[in-house]
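Written out below as C-alpha cells is the structure these notes cover.
Just so it is clear, none of the values below were taken in a lab; they were calculated from the coordinates. None of these values were measured; they are calculated from a predicted model. Cβ placement follows ideal geometry from the backbone for every residue including glycine, while neighbour counts extend to all protein chains displayed.
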Amino acid sequence: MTSTPPAGNDPVRNAILAAIDRLLAGTPLRSTGRLSISQLAIEADVKRWHLTHQHLDLKELFQARVKAAGGAPAVFSRDLTDYEKLKAKHAKLLAHCTELEERL
C-alpha cells in the first residue's frame, strides 16, 4: 500500500486525506460512497480542480488505494444490493398489476 504523504498545515490537503480514509473505510459523510474522484471531492468538501490540478499526488494516491482495495466499500455494495431488491420487487408489482388489469 502507498504511504500517505504528510498533510502539513494545508486544510484542503487535510480534508482530502481524511475523505480518502472515510471513503475507503466505507463511512462517507457527504458523498454516495462511490470510489471516484468526483465523489472524493464531494466527500472532502473541496472543488474537484483541487484534485485534478493542484493535488495530483493525492488523486493518484486515492486511485492506487482504490485499486489495491479491489472493489467498492461495504456501504456502496449494500446500496447496490438494496437497489437490486427494489428492482425485483418493482418487477413483481408490475406483473401483479398486469394480472389485476386482465381480470377486469
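Listed by Cβ neighbour count within 10 Å, with the fewest neighbours leading, Ser31, Ser36 appear as Ser36, Ser31. Note on region 11-103: Cα convex hull, mean projected area over all directions, 7.4 nm². Listed by chain and number, the aspartates and glutamates whose C-alpha is less than 17 Å from the C-alpha of Lys89, apart from same-chain residues fewer than 8 away, are Asp79, Glu99. Dividing the mean sequence gap of close Cα pairs (under 8 Å, 6+ apart) by how many residues region 11-103 holds gives a relative contact order of 27 percent.
Counting only lysines at least 8 places from Lys87 when in the same chain, those with an alpha carbon closer than 30 Å to its own are Lys67.
Computed from the C-beta positions of Asp21 and Leu93, the FRET efficiency with R₀ = 41 Å rounds to 0.50.
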